[in-house]
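The values are calculated or read from the model by the stated rules, or taken from the named source; none is laboratory data. Note that the structure is a prediction, hence the values are computed from the model and not measured. In this analysis, Cβ positions are derived from the backbone assuming ideal geometry, glycine residues included, and neighbour counts consider all displayed protein chains. Just the protein is used for accessible areas: all its heavy atoms, side chains included, with ligands, DNA and RNA removed. Shrake-Rupley method; radii C 1.70, N 1.55, O 1.52, S 1.80 Å.
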Amino acid sequence: MKEIEILQGSSEGSTPPSTVDDPIRNNVRADESSPWFSISWLFAFLILHSLGVGLYIVVLRVQGVVDAPHQIEEYLMRPESLPGLVFYGWIFVIPALILAARSSQRSWRQGLALVRFSPRQLPFWLLILMVYLLFETLAVKVLQISVGEFMEQMVGQKGPLLILSIVVFAPVAEELLFRGYLFNAWRHSRIGLSGTLLLSSFLFALVHWGQYGVVPLFFIFGAGLLMGVARETSGSVYLPMILHGLANLVSVIMVNYLGLV
């Protein structure tokens, strides 16, 4: 009887393992259980991006490149403005991304998925990318889809800063946001993999609004899905960065150098 009483007393005085106060579990940030925390960061990124673009406009006005408001809008829609838009537009966003990606359980590198992936996956995804780009090119030509005025202005533009912005800087920055921070924050939330792929790809296409015609935005959405699946299977943002940069490189060769629009 005494043994039974002792056992009962110990069970009443102890807490089941599942309800033990776990400081690590209780310290999980809101972005790991709900997409709303990361969406609030997304609005912060948008504000910081706007501040960067505003700073770029100030620099343009100081340099005498633009004067009147209508000149500013016209210049920002020309390819010459792209290096400045990429640099100033992301100059405040990247540090904020690093800050947002940190948590009590992971480093900012893990939060942005800046981890190694197996090189064996690369040939397969390069083949998938080439097939997708071939399909996109044939669809544009056969259906005579307008690529937009911005892309038409790209013909013959071969400035080194412009090419680097398209092939290197923009892919790195955009992938850190869409397939890095946002993908990591949403993948294990209530919206799951399918919701993450659709939402991140939609936002990815949305940021290219104005540079392309309406129909080509659907191809950008498809490219976002492709890179999202690559991110999921590799567990790393480096793979979609490579695919994004190569896709842009193919576009530069075809449009800027060969004039195929």
Subject >> Rounded FRET efficiency, nearest 0.05, which uses the C-beta distance separating LEU249 from HIS188 and R0 of 41 Å >> reply: 0.80
**OP:** Could you tell me which of GLY64, TRP41, GLY224 has its Cα farthest along the dipole of the chain towards the positive end, charges placed at Cβ (Lys, Arg +1; Asp, Glu -1), taken about the Cα centre?
**Re:** GLY224
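Taking the Cα centre of the chain as the origin, how large is its charge dipole in debye, to the nearest 20, when only Lys and Arg (+1) and Asp and Glu (-1) carry charge on their Cβ atoms? Show your work: numbers first, answer last.
Working: 16 positive and 17 negative charges, 105 e Å.
Roughly 500 debye, rounded to the nearest 20.
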Original post:
Using a 1.4 Å probe on the protein chains only, how many percent of the accessible area of the chain belongs to carbon and sulfur?
Top reply: 67
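Only helices at least 15 Å long along their axis, Cα-based, and averaging 1.6 or more on Kyte-Doolittle count here, so list those DSSP H runs from the chain. Working shown, then result.
Working: long enough: 2-13 (16 Å, -0.62); 35-62 (40 Å, 1.70); 121-142 (32 Å, 1.71); 192-206 (21 Å, 1.75); 214-234 (31 Å, 1.43); 238-251 (20 Å, 1.20).
Length and hydropathy pass: 35-62, 121-142, 192-206.
Order of 59-71, 153-165, 236-248, 196-208 by packing, highest average Cβ count within 10 Å first?
Numbers: 59-71: 11.4, 153-165: 15.1, 236-248: 22.3, 196-208: 18.6.
Taking the mean over residues of other Cβ atoms within 10 Å, the ranking is 236-248, 196-208, 153-165, 59-71.
Can you give me the accessible area per residue for the range 134-178, using a 1.4 Å probe, in Å²? Before the final figure, lay out each step's value.
Working: 2440 Å² over 45 residues.
For the range 134-178, the solvent-accessible area averages 54 Å² per residue.
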Original post:
Quick one: length gained pulling PHE218 to LEU99 fully straight, 0.36 nm per residue minus the C-alpha distance?
Top reply: 39.7 nm
Original post:
What's the center-to-center distance, using Cα atoms, between the range 183-261 and the range 44-98 in Å?
Top reply: 22
